[in-house]
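In what follows, a structure is listed as structure tokens, so that the remarks can point back to it.
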Amino acid sequence: MPVYNEATNITSVLREWFAVLDKTASNFVLFAINDGSKDNTAATLASLKSELGQRLVAVNKENSGHGRSCRAGYDLALAEGASWIFQIDSDGQCDPGFFETFWKSRNDYDCVFGFRRTRGDGFGRLVISRGCRIVLWLIGGKYLKDANVPYRLMRAHALRRALRGIPMEFDLHNIALAFALKRDPQLRWKHLSIHFRARQGGENSINYRKIAAMGLKFVREFRQINTHEDSYPWWRPRWARRRLAS
């Protein structure tokens with residue numbers, strides 16, 4: 001769980017998720033990756049440690065953005081020997097009511113991703129998600145229902161293999177990871193419909209202008225995770241695929 005300036009939300013979010021995880025998958029560790037928050041997030045996480053116990057691990061790091069914080073969480077979970085890695089955000093939009101269905105699906109799939117069929121965070125965010133879907137299809141030839149959804153359950157070996165092809169400095173790790181997983185033909189996928197709630201409190205730290213800038217940077221750097229000939233879209237001629245891959 002990446003966390004940035006969520007002192008308003010983090011107590012209720014963690015309590016809500018711990019209650020559900022206790023009932024569904026009690027053998028868990030929740031890594032809260034505090035991305036250099038400037039409010040009281042670090043102190044709040046420290047106080048919650050005594051309430052929630054050893055299964056809450058708060059990691060305080062310098063600010064590097066949401067995507068790189070996700071990457072730090074992925075790497076930490078893999079290093080600790082997790083068999084499954086489940087990602088959520090810390091703003092209360094990820095409804096834990098859907099988790100049981102995800103968890104029950106895990107034995108038949110390697111990747112179980114949410115699909116935000118309904119959402120309460122505004123039309124603008126919906127447009128961004130759909131635009132991301134179109135861009136990935138055009139430049140990568142892969143169709144992902146909801147590439148930047150933060151509600152995702154991944155088998156450890158699939159996640160480890162996908163991360164090898166993604167540079168650490170990528171800002172939009174959520175999207176890069178979804179693409180890297182999707183291009184692996186061996187993986188079994190499942191999309192489950194979820195409702196994405198409105199932010200529970202506080203303010204979103206990423207505005208539309210920043211999202212647009214990050215998106216343009218991602219498109220420019222996309223070749224770094226798209227170097228295999230078979231991963232290029234059908235409309236690009238074979239000679240061009242070889243040249244781009246060289």
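Kindly indicate whether ALA46 is more than 21 Å from the chain's Cα centre (by Cα) and outside any loop (DSSP other than H, G, I, E, B).
Considered against the rule, which asks whether it is more than 21 Å from the chain's Cα centre (by Cα) and outside any loop (DSSP other than H, G, I, E, B), ALA46 comes out as yes.
From THR101, THR44, THR24, THR118, which residue is on the phi < 0 side of the Ramachandran plot, hydroxyl-bearing (Ser, Thr, Tyr), touching a residue at least 40 places away in the same chain (Cβ under 8 Å) and in contact with a helix residue (DSSP H, G or I) (Cβ under 6 Å, 6 or more places away or on another chain)?
THR24
Looking for something at pLDDT below 65, touching an Asp or Glu at 6+ places or on another chain (Cβ under 7 Å) and among the charged types (D, E, K, R) - is there at least one such residue anywhere in the stretch 183-204?
The answer is no; no qualifying residue exists.
How many of the residues in the stretch 77-95 are closer than 17 Å to ASN27 by Cβ and crowded, with 16+ Cβ neighbours inside 10 Å?
Final tally of qualifying residues: 5.
Is it the case that the stretch 130-152 has a residue that's within 28 Å of ARG199 (Cβ to Cβ) and part of a strand (DSSP E or B)?
Looking for residues that are within 28 Å of ARG199 (Cβ to Cβ) and part of a strand (DSSP E or B), one finds at least one in the stretch 130-152, hence yes.
So if I check each of ARG116, ARG125, ARG160, which one is under 15 Å from the mean Cα position of the chain (by Cα), basic (Lys, Arg) and in a helix (DSSP H, G or I)?
ARG160
Any residue at all in the stretch 29-38 that's more than 21 Å from the chain's Cα centre (by Cα), closer than 26 Å to GLU100 by Cα and surrounded by fewer than 13 Cβ atoms within 10 Å (Cβ to Cβ)?
No.
Select from the stretch 149-170 the residues that are surrounded by fewer than 19 Cβ atoms within 10 Å (Cβ to Cβ) and more than 13 Å from TYR74 (Cα to Cα) and write down the one among them that is modelled with the lowest pLDDT.
The extreme case among them is GLU169.
More than 18 Å from the chain's Cα centre (by Cα) and either more than 18 Å from HIS173 (Cα to Cα) or at pLDDT below 95 (or both): is that true of SER83 in this structure?
no
(1) surrounded by 16 or more Cβ atoms within 10 Å (Cβ to Cβ); (2) modelled with pLDDT of 80 or more: which one isn't true of GLU100, the others all being true?
Just one mismatch for GLU100, condition (1).
Scan the stretch 53-75 for residues that are touching a residue at least 60 places away in the same chain (Cβ under 8 Å) and outside any helix (DSSP H, G or I) and report the count.
Going through the stretch 53-75 one residue at a time, the tally reaches 1.
On the given criteria, is ASP121 over 16 Å from GLN87 (Cα atoms), at pLDDT 90 or above and among the acidic types (Asp, Glu)?
Taking the combined requirement at face value, the residue does not satisfy it.
Kindly indicate which of GLN87, GLN93, GLN54 is in contact with a Phe, Trp or Tyr (Cβ under 6 Å, 6 or more places away or on another chain), of a type in the set (S, T, N, Q) and closer than 22 Å to PHE18 by Cα.
GLN93
Looking at the stretch 15-36 only, could you name the residues that are assigned to a helix (DSSP H, G or I) and among the polar types (S, T, N, Q)?
THR24
Going through the stretch 8-21 one residue at a time, which ones are surrounded by 15 or more Cβ atoms within 10 Å (Cβ to Cβ) and either under 19 Å from ARG55 (Cβ atoms) or free of Cβ contacts under 8 Å to residues at least 40 places away in the same chain (or both)?
Scanning the stretch 8-21 gives ILE10, THR11, VAL13, LEU14, GLU16, TRP17, PHE18, VAL20, LEU21.
Please verify whether TYR74 is of a type outside the set (Lys, Arg), closer than 21 Å to GLU16 by Cα and within 14 Å of the chain's Cα centre (by Cα), treating the condition exactly as stated.
It is false that TYR74 is of a type outside the set (Lys, Arg), closer than 21 Å to GLU16 by Cα and within 14 Å of the chain's Cα centre (by Cα).
Report yes if ASP108 is modelled with pLDDT of 95 or more, out of contact with any Phe, Trp or Tyr (no Cβ under 8 Å at 6 or more places or on another chain) and over 15 Å from ALA25 (Cα atoms), otherwise no.
yes
The values are calculated or read from the model by the stated rules, or taken from the named source; none is laboratory data. Remember, predicted model here, so these are calculated numbers, not experimental data. All Cβ positions, even for glycine, are placed from backbone atoms using ideal geometry, and neighbour counts span all protein chains on display.
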